[in-house]
1. What number goes with the only condition from (1) among the hydrophobic types (A, V, I, L, M, F, W, C); (2) open to solvent by 20 Å² or more (accessible area, probe 1.4 Å); (3) at pLDDT below 80 that L111 does not pass?
2. Inspect all residues belonging to the range 438-453 and state whether any of them is within 29 Å of the chain's Cα centre (by Cα), farther than 21 Å from E350 by Cα and either modelled with pLDDT of 85 or more or open to solvent by less than 30 Å² (accessible area, probe 1.4 Å) (or both).
3. Would you mind finding the one in K136, K140 that is part of a helix (DSSP H, G or I) and either in contact with a Phe, Trp or Tyr (Cβ under 8 Å, 6 or more places away or on another chain) or surrounded by 13 or more Cβ atoms within 10 Å (Cβ to Cβ) (or both)?
4. Residue check, G215 against (1) at pLDDT below 80; (2) at negative phi; (3) surrounded by 19 or more Cβ atoms within 10 Å (Cβ to Cβ), all met but one. Which one?
5. Out of (1) at pLDDT below 75; (2) within 30 Å of G399 (Cα to Cα), the odd one out for Q149 is which?
6. Regarding the range 378-397, can at least one residue be identified that is of a type in the set (S, T, Y) and surrounded by fewer than 16 Cβ atoms within 10 Å (Cβ to Cβ)?
7. In the range 69-78, what residues are modelled with pLDDT under 90 and open to solvent by less than 20 Å² (accessible area, probe 1.4 Å)?
Amino acid sequence: MQQGSFVSPLLSGVCCECRSEEHEGSHPGGVRTTSMHPGGHGGEPCPAAHTCETCGGAEQEHRLKVLFQILDVNGDGGICVNDLTIGLKKLGVHRTEHELKKIVKAGDKDLDGQLDFEEFVHYLRDHEKKLRLVFKSLDKKNDGHIDSQEIMQSLRDLGVHISEQQAEKILKSMDKNGTMTIDWSEWRDYHLLHPADNIPEIILYWKHSTIFDVGESLMVPDEFTAEEKDTGMWWRHLVAGGGAGAVSRTCTAPLDRLKVLMQVHASRCNTMCITGGFSQMIREGGVRSLWRGNGINVLKIAPESAIKFMAYEQIKRIIGSNQERLGILERLVAGSLAGAIAQSSIYPMEVLKTRLALGRTGQYTGIAGCFKHILQKEGLGAFYKGYVPNMLGIIPYAGIDLAVYETLKNSWLQRFATDSADPGVFVLLACGTMSSTCGQLASYPLALVRTRMQAQAASLDGGPQMTMSGLFRHIVRTEGATGLYRGLAPNFMKVIPAVSISYVVYENLKATLGVQSR
């Protein structure tokens with residue numbers, strides 16, 4: 001990128017005073033202007049090193065200083081939100097207070113509530129790099145121009161559907177020369193002092209599978225913007241998500257163990273209520289027994305997240321060719337396949353978790369002891385008990401979670417997204433909770449059958465091992481359809497605290513890891 005390319009024609013008509021006097025009358029309004037874009041609008045590019053003939057200073061530096069002086073309304077050497085409001089109006093640029101606060105926050109490195117000249121220049125340079133990434137992602141044809149079809153396609157890739165008229169309306173707001181396309185200079189000039197990189201902002205703000213951990217890792221992985229990948233922020237998001245999941249699972253582990261006990265042991269003859277289940281666990285093994293099986297449940301977060309992310313990115317490349325982002329259906333396919341690969345890799349840990357949760361006090365010496373016991377008594381095949389219903393459960397869980405979340409997201413974006421794509425904490429938590437709850441409800445019978453199959457080999461009494469279909473028939477015949485939903489109450493009870501805890505921890509870990517919240 002040429003160094004001189006980041007200056008916006010917001011500066012048109014704003015050159016150094018000595019130069020404008022010398023060329024008075026060459027432009028309406030009495031000020032000479034020079035095109036600042038390489039190859040732009042009929043003018044020669046202005047070299048970054050070009051100096052003012054009268055005072056000898058770099059012309060680019062002059063233009064920046066003049067813009068800074070215009071925006072620094074009170075002349076105190078710093079630009080605050082109030083300065084931006086008044087200064088931009090002088091230049092015919094209108095931004096909301098919310099947008100102006102974001103500009104100041106993004107560039108304010110010393111946290112004094114305003115931008116000095118150095119911070120202002122750094123903000124413009126940094127912001128243009130981001131705008132360049134967005135422009136390239138929107139320019140599907142790689143012809144240097146964005147048309148209405150490309151805007152529609154980019155939004156469709158994110159699950160947001162708009163009409164051609166709406167796309168043209170977006171286009172007209174940026175199109176200066178009436179060609180009904182936007183070139184790089186038009187895109188940059190419109191957005192340079194605008195904080196929202198609108199398209200990727202939806203990705204930035206609407207992550208949920210990285211943030212929310214409800215104990216089941218079957219969600220379709222989140223998308224990351226080109227900027228996040230280029231700057232290495234993606235792995236920080238994953239580490240923050242993993243840490244949040246560990247804390248969340250530990251806090252809700254007693255409810256998770258109760259769910260497993262109810263799935264395996266509860267029946268019409270042996271009813272188990274929530275308070276009774278907790279009392280039984282504490283009587284049998286003390287308060288510590290409430291967390292039995294939590295260690296392996298936390299340990300499997302890191303390998304599962306890493307494998308799923310890598311698999312998802314590879315599958316995206318295969319099915320999405322050169323597209324940076326996939327459509328909803330493609331995301332579902334890629335996410336489900338990535339989930340299947342990750343689950344296949346760590347599935348023995350799932351079996352260990354179930355066995356430890358169901359184990360009596362002193363039955364196993366720990367994770368290693370449980371592993372040795374199963375291997376010696378039952379062989380390697382025992383580590384894949386319940387594998388088929390587990391794989392089948394990925395599709396309804398991931399599909400419904402994604403469909404509900406995208407529906408809620410689109411509904412909010414269409415009705416309430418005026419200044420920003422940021423939904424706020426409450427909306428994000430509500431949408432994530434509702435979508436994951438619906439996903440769990442749809443796949444719960446398969447999850448119950450999986451857990452019972454994992455537990456089957458724990459009681460080797462010489463009886464035949466039930467198959468998946470045999471277990472389904474047995475449960476429906478002996479307990480009715482409601483038998484497929486044993487343990488649903490503690491499972492749902494943990495959703496809201498799990499989502500809330502994982503979000504709070506995720507935000508704090510993000511700050512610790514240096515991930516900037518937009």
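The values are calculated or read from the model by the stated rules, or taken from the named source; none is laboratory data. These numbers were taken from a predicted model, which means no experiment stands behind them. Neighbour counts run over all protein chains shown; Cβ positions are idealised from the backbone, glycine included. Areas reflect the complete protein model, heavy atoms only, side chains present, ligands, DNA and RNA absent. Shrake-Rupley method; radii C 1.70, N 1.55, O 1.52, S 1.80 Å.
1. L111 satisfies every listed condition except (3).
2. yes
3. K136
4. Only one criterion in (1) at pLDDT below 80; (2) at negative phi; (3) surrounded by 19 or more Cβ atoms within 10 Å (Cβ to Cβ) is unmet by G215, namely (2).
5. (1)
6. Applying the first criterion (of a type in the set (S, T, Y)) to the range 378-397 yields 384, 387, 397.
Within this subset, residues satisfying the condition of being surrounded by fewer than 16 Cβ atoms within 10 Å (Cβ to Cβ) are none.
No, that holds for no residue.
7. L71, D72
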